[in-house]
Amino acid sequence: MALTPSQLDRLPPGVDAPPFDRGKVTAGIAHIGVGAFHRAHLAIYTNLTLTDPDMASWGILGINLLEHDKPLADAFKAQQGLYSVSEFDPHGTRTTHVVGAMVEYLYAPVDGAAKVLQRLADPAIRIVSLTITEGGYLIDEHGQFRLDDATVKHDLEHPDEPKGAFGFIVGALARRRAAGVEPFTVMSCDNLRHNGAQAKKAVLAFAKARSPELAAWIDAQVDFPNGMVDRITPATTPAVRDELNAATGLTDEAPVVCEDFIQWVLEDKFRHGRPAWERHGVQIVDDVSPYEDAKIRLLNGSHQMLSYPAFLSGHRRVDLAVKDPLFNAYLTAFLNDDAGVWLKSLPGMDLGPYKKKLLDRFSNESIADQLDRLCLDGGSKIPGFLGPTITACLENGKDARRLAFLLAAYDRYVRVGKDDDGATYPLREPNAMRLVQPLIDSGSKETLIESVELVGPLPAKDERFRRQYDIYVDALEKHGVRKTLERLDALVD
Ligand code: NAD
């Protein structure tokens, strides 16, 4: 059964329809970057919130900008914004919802920049939310927005024909200002520390390059709440799509699979209104920093700790790697002895059970998360996910051998391009390659540990850490990941 609105009252058993009348819902949120995570997170909370009759003006206008989103865009158009989300608990029990929150959808390369700008300038849109990935914010190693990025340059030269997220956001804000319309709130849902502040930095830098007066207006008028988001949502490969459709009985070209866990802690900075997401489980707080710190250091940090070593050892699935006793012990030690020691429990987030549950979540075989997803763009992720733990350990004189090992594994991953079984893999490192490619080309022995952009200034200066790193680089080359990890303690003093 193809997934279209006319099918909603005849869905297969076990598949929930949107719990509201889509005909009554209009878009109040425009979301840029309709990928897997948005569909399983913000869209799910919003889908629930739309059951409240007073919330009907908070539907979602989905927007994608990039060429590679074409197949997804075709699916959203054919299905009029509908798609299914299948949530699996750690025991494999599935719950499937058809999500109806995306009541409009635009694909910029086909629908045109003018149409997207016009919709973003509409006063009905009061929030522009983002999942454009960590690298999408274009913040360089000095914390500056990259005005030299090709898309940014294009968008500054062609303000009415932008291609990138910041060209659209700033272009729409400029139109609203000129028309005397209130701005929208810009809400990042990406996995960045202080994601609102990062979005603000990018938007203001772009706006300033267009017009200092516009930048000043945005600075004074636009809110950029920080938020901590969590739900493991792997990419939907064609094989996963077919498996999901076989299980649900739907013919959905854009299904999403995710864990049953979901969390969103959000700062209440929305001068121009927001949906009452707190009625449906969102935790609204004054300061999200301790929550994002805890989540990013523990969850994303563990993901990154697992990624390169497990992948190089020959694993491809997160659940299987976490069930491997060698990696399980390594991650448990990282959580308790490296990342966890610097963090405290918070209201609504008790870190003891949180850490215990994390490894259960990772070992959920029904979502079979992919290690190559975790490996993707380490150059943008390592600084945020592991940087604070590395700094805390080294500043306090604490042995950080597991982190030295991880950096050695990352070095091997980007430099050698083959796993321990000799299998090659595509390197997807859009940001790190600026640093790494010159090292590879020169055949230099100089190491990634000296890259302040990646790991901060302390690792290169810390003799013990540097020595451990060098030993692990050698051991990985001679003995591979498993043997090095088995002897992680014995190899160093
Ligand atoms: P995805 O690949 O399914 O979707 C990413 C979307 O962002 C795509 O539509 C892509 O075209 C778009 N995009 C990427 N770079 C962009 C850019 N520079 N400008 C504009 N659009 C851009 O990935 P996903 O799983 O949806 O993850 C997206 C982000 O969500 C992650 O990078 C992370 O910050 C956050 N997140 C993901 C998860 C997860 O488990 N997948 C969990 C928490 C947070």
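The values are calculated or read from the model by the stated rules, or taken from the named source; none is laboratory data. Fair warning: this is a prediction, and the values are worked out from it, not measured in the lab. Neighbour counts are summed over all protein chains in view; Cβ atoms, including those assigned to glycine, are modelled from backbone coordinates with ideal geometry. Surface accessibility is based on the protein's heavy atoms, side chains included, excluding ligands, DNA and RNA. Shrake-Rupley method; radii C 1.70, N 1.55, O 1.52, S 1.80 Å.
Just how much of Thr93 is accessible, in Å², when a 1.4 Å probe is used and the result is rounded to the nearest 10? Counting only protein heavy atoms, the figure is 80 Å². Straight-line cross-link partners of Lys77 among the aspartates and glutamates, defined as a Cα under 18 Å from its Cα and at least 8 positions apart when in the same chain: Glu67, Asp69, Glu104, Asp111, Asp252, Glu253. Packing, taken as the mean count of other beta carbons within 10 Å per residue, orders the peptides 186-194, 343-351, 38-46, 391-399 from highest to lowest as 38-46, 186-194, 391-399, 343-351. Could you give log10 I(q)/I(0) at q = 0.24 Å⁻¹ for the stretch 376-493, computed by the Debye formula over C-alpha point scatterers of equal weight, without solvent? At q = 0.24 Å⁻¹ the computed log10 ratios are -1.55. With Cα atoms as the point set, the stretch 271-412 shows a radius of gyration and Dmax of 16.1, 51 Å.
Computed over the chain, the per-residue total of -39500 (n - 2.57) for DSSP H runs of n ≥ 4 gives a 222 nm mean residue ellipticity of -13000 deg cm²/dmol, rounded to 500. Summing Lys and Arg as +1 and Asp and Glu as -1 over all other residues whose Cβ lies under 12 Å from the Cβ of Phe76 gives a net charge of -3. A crude spin-label estimate for the pair Ala150 and Asp372, with each label 7 Å from Cα along the Cβ direction, gives 2.3 nm.
Within a straight-line Cα-Cα reach of under 20 Å, Lys478 can be paired with the following aspartates and glutamates, leaving aside sequence neighbours fewer than 8 residues apart in one chain: Asp411, Asp419, Asp420, Asp421, Glu446, Asp470, Glu486, Asp489, Asp493. Using Cα centres only, tell me the gap between the stretch 335-360 and the stretch 161-176 in whole Å. The stretch 335-360 and the stretch 161-176 have Cα centres spaced 40 Å from each other. Rolling a 1.4 Å probe across all protein chains gives Lys461 an accessible area of roughly 150 Å².
The residues neighbouring Ala254, those whose beta-carbon lies less than 12 Å from its own, together hold a net charge of -1 under the Lys/Arg +1, Asp/Glu -1 convention. Legend: residues Lys483, Lys418, sorted from most to least accessible area (1.4 Å probe; ligands, DNA and RNA excluded), read Lys483, Lys418.
Kindly express, to the nearest 10 degrees and within the range 0 to 90, the angle between helix 401-416's C-alpha long axis and the longest C-alpha principal axis of the chain. The answer is roughly 80 degrees.
Here the simple spin-label model places points 7 Å from the Cα toward Cβ, and for Asp111 and Leu326 these points are separated by 4.9 nm. Please compute the net charge surrounding Pro388, taking Lys and Arg as +1 and Asp and Glu as -1 over other residues with Cβ under 10 Å from its Cβ. Neighbourhood net charge equals +1. I want the antiparallel fraction of DSSP beta bridges within the chain, as a percent rounded to 5. Taking every DSSP beta bridge within the chain, about 35 percent pair in antiparallel fashion.
Surface composition of the chain: carbon plus sulfur atoms hold 52% of the accessible area, using a 1.4 angstrom probe and ignoring ligands, DNA and RNA. If you take the square roots of the eigenvalues of the alpha-carbon gyration tensor of the stretch 5-285 and sort them as a ≥ b ≥ c, do you get rounded (a/c under 1.5), prolate (a/b over b/c) or oblate? Since a/c reaches 1.5 and a/b is larger than b/c, the shape of the stretch 5-285 is classed as prolate. Listed cross-link partners Lys163/Lys201; Lys355/Lys418; Lys355/Lys398; Lys70/Lys418; Lys200/Lys295 are compared with a 26 Å cut-off, the Cα-Cα value being larger for Lys355/Lys418; Lys70/Lys418.
Per the Debye formula on identical point scatterers at the alpha carbon atoms of the chain, with no solvent, log10 I(q)/I(0) at q = 0.07 Å⁻¹ is -0.38. With all protein chains kept in place, the per residue accessible area of the stretch 97-192 amounts to 37 square angstrom at a probe of 1.4 angstrom. In the context of the full set of protein chains, residues of the stretch 289-491 present 40 Å² of accessible surface per residue (probe radius 1.4 Å, heavy atoms only).
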